[in-house]
Each structure stands twice: as C-alpha cells, then as structure tokens.
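J.: There's a structure below that I have some questions on.
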Ligand SMILES: [Zn+2]
C-alpha cells in the first residue's frame, strides 16, 4: 500500500454503527479504497466456539436487496473462523462504487455479517415465546378509528404508522415504505418489513394485514387484531435467521377497495423477481364465541361448501374456530397451513374451504387483500374469524377491544408462526450487523 493510498483510506474511513443485542462483534469498521473498489472490514469477535464459527457477508445499497458476497470476500470468511481481535474481511466490489453511491448514499450502504454459531432453534421453542399479554398489548396500542378522512382518524392512522415504522424498521429487518396517492386526497402508506433469507433470498413468504378502518369504528377486530399479529411475529422472529425470506406487510386503504394491496403488488412486488411461496392475509382474527348458535351459516355457503358447512353444523354453530379461505390456485398453501397448525397448535379449531377460480361467484370470499393476490396469480389464503357471519360488531362503533378473545387470538398468531417456521426454515445463523448504515467521516 503506498502513502497516497493510506491517506485516501483515512479519508474514507467509515464507521459502521452496529445495532441490536450483539455482544460478540465489536469495533466494526469499513474502509473504502480511493478507487472505490475494495471494501475492508475490521472487527473484533469474541465468539467462543470449539470448532470455530462460520462467517458470511452480505451487502445492500439501501434498496432493500441483499447480495451475498461471501464467495468473493477473503481473509476471515467462511468456515472455522476463530475468535479474536483485529479480524479482517476484504471484499472487492464488482464495479466501482459510483460517486453517487459513495457520496450521496454511502449513508445507505448496509453491511451484514452472518455468523453461524449455534444449533437451529426448534420451532416449538419459538412458539413458546408468543403469549397472550403480548398480543393484547399490541391490539391496545393500535385500536381507535383509523379512517383517513377525519381528524381523529388521521391522528390514529399516523400513530399506527409510527408504531409500524419503528417495529418494522428494527431488529434485523429492512423497512420499506410503499406510498401512493389516493384520489388526490391523501397519501396511502403500506409498510413492508423484509427479512432476507440466508440461502435463498428470492424465495419469500408474505404475511399481510390491513391497518385502516371504516368511518368511526375503533377497528379492534377489523383489523387491529391482524396488525397486532404482525407486530408480535416480528418480535418472535427478529433474532432468528431463516433459509428463505419473510416479508410482513401492513396495508393501508383496504377498506377503500383493496387499494393499498393493489399498489403494493403492481408497483412493488411484480417488479421484483421473487418466488412467492405463499401469502397469508390476516383480517379479523380476534372474535370468538363458544355459544351454540353464535356462528351463522348463509344458505349460499351451505349449498356451495357442504364439507365446511357440515363441520359448522356438527360444531352446533359455535363461533369458536378460525376460517381458512383459499381459491383453487392456493390449495397447496392452505393444506400446508392446516397441516402445520394441526401439528403445532392442536387446540386451535379451524375450518377450511376453497372457492373456484378467484372466487368471483362468491364476493364474500374476496373481501380482503388476499383477493388482490389471487387476481394477480399469487397463492394466497385469508385467515379470519368469519367476519359478519359471527361478529355483529363488524364495521360498527362497537368493534372494541373488550369483545376480543386474546387467548384464541394468540393461538392464531402461533399457527402463523408455525407456518413461517416450517416453510422458511430457521437456521443456526445469527445476523450481527444489519441496519449498519455507513456515513463518511463519522
Ligand atoms: Zn378488514
């Protein structure tokens, strides 16, 4: 290295601020050479492991897309790395990091060090983390009219967005805000949290729920319950890395005609070359009633779906189960979900049915964002408590927290976590430095 290079190195020393609960990796710095091709990472690692640990490196230029660069990096990368101070990883960037990238958006160069240091966490241990109080507190933090046209609604919408932004942006997730203009009246905002898969980050499962309400309803069941599930799931999977990617999406403007999900799919999802394995949409997952007769069964449903109806009748019309709605194209997702729920949450009652095509003949089956996925050829199922066939408070001022059954709701969240675990597969990797934004000269 010549003197000129050293000076440039000094000028381009950038500091990685490492967030999270990581105590193993410290003093993590990045240096970029004057040609802006070589990235040098320095860090101390106190991780004790008999056979040494395995390191992998991935980087992102702030667009939410990660590139695993382990095979191109050298020095302390790969298998059997021993702990110690002054560890180095050197990475030659494929192309010169452009001026724009380094000057304007070096701030958004995110580097993530993946360390495999432990056995894969068992799914049943992950499930034990979900508790009723956690789910309840999330619902309480969101509940209240979230209708875009009035002052109170807007205030609550913004408070919810703040919660989503904080939760989705922390703890090893990449936050993306998908905004859109709604009839020149307001800006709709979908919140997307992405956890990139370790082995196949193009393979993704999506869990979604809308957070807006209709006029003057507190929307506890519809749909603070679904959003509370997203917030709980984030906490449960935050410190765990998975083989496949997981995307959690909170939709805006569902109540205005599935507007948020349409924008998300058309303007975001379809532009990414992702292999979407399955979509689980959560809308109204908190209202249960174990009294016989509390679940109504519309005649049209009885005629069209005799098997599911027979179960409701046998259950003496008790509204104590969760409904899994699929279309023909999504049967594989429905079966997988049912299978994992039965295995891991055996005391959750569920009844599944599937509509032909995209459910055009059964408008009731299309009443949430899963229908937008169906219409665009994605495999999606809806999970809900039966809506207005059970919950008389649907779209009323009486859709309040005191009507919800948090014990049952926690079981529903568990079933979703079980699906995530089985399909995305937890690994023994821990991610130690995501959200590590690089700023020149700090
Ligand atoms: Zn809803």
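J.: Separation of segment 231-260 and segment 197-219 by C-alpha centroid, Å?
T.: Result: 4 Å between the Cα centres.
J.: Would you mind calculating the gained length between residue 72 and residue 183 on full extension (0.36 nm times residue separation, minus the Cα-Cα distance), in nm to one decimal? Before the final figure, lay out the partial values.
T.: On the way: separation 111, 0.36 × 111 = 39.96 nm, distance 4.78 nm.
Going from the current span to full extension adds 35.2 nm.
J.: How high is the relative contact order of segment 156-263, in percent, with contacts defined as C-alpha pairs under 8 Å that are six or more residues apart? Intermediate values should be presented prior to the final figure.
T.: Numbers: 187 pairs, mean separation 35.3, N = 108.
It rounds to 33 percent for segment 156-263.
J.: For labels at residue 202 and residue 26 in the simple 7 Å Cα→Cβ model, what's the distance in nm?
T.: 4.1
J.: Multiplying the sequence separation of residue 392 and residue 266 by 0.36 nm and subtracting their Cα-Cα distance, what value in nm do you get? Provide the component values of the computation, followed by the final result.
T.: Values: separation 126, 0.36 × 126 = 45.36 nm, distance 3.41 nm.
Extending this stretch completely gives an extra 42.0 nm.
J.: Only residues of segment 248-263 count here: report those whose backbone N is under 16 Å from the spot 7 Å along Cα→Cβ of residue 149, or say none.
T.: Flagged as within label range: 253-259.
J.: Between residue 303 and residue 235, what length in nm is gained on full extension when 0.36 nm per residue of separation is reduced by their alpha carbon distance? All intermediate terms of the calculation are to be shown ahead of the outcome.
T.: Working: separation 68, 0.36 × 68 = 24.48 nm, distance 4.20 nm.
Difference between extended and current length: 20.3 nm.
J.: Mind jotting down the three principal axis lengths of segment 123-424 based on Cα atoms? Whole angstrom, largest first.
T.: 46, 46, 38
J.: Go through 201-209, 267-275, 148-156 and give me the packing order, highest mean Cβ count within 10 Å leading.
T.: Values: 201-209: 22.3, 267-275: 13.0, 148-156: 14.6.
Averaged packing, sorted descending, gives the order 201-209, 148-156, 267-275.
J.: Now a separate question. For a protection proxy built on the mean count of beta-carbon atoms within 10 angstrom, sort 317-323, 291-297 highest first, please.
T.: Values: 317-323: 20.0, 291-297: 14.9.
Result, highest mean Cβ count within 10 Å first: 317-323, 291-297.
Here, each number is a calculation from the coordinates, and none is a lab measurement. As the structure is a computational prediction, the values presented were derived from the model and not from experiment. Glycine gets a Cβ as well: all are built from the backbone with ideal geometry, and neighbour counts include every protein chain shown.
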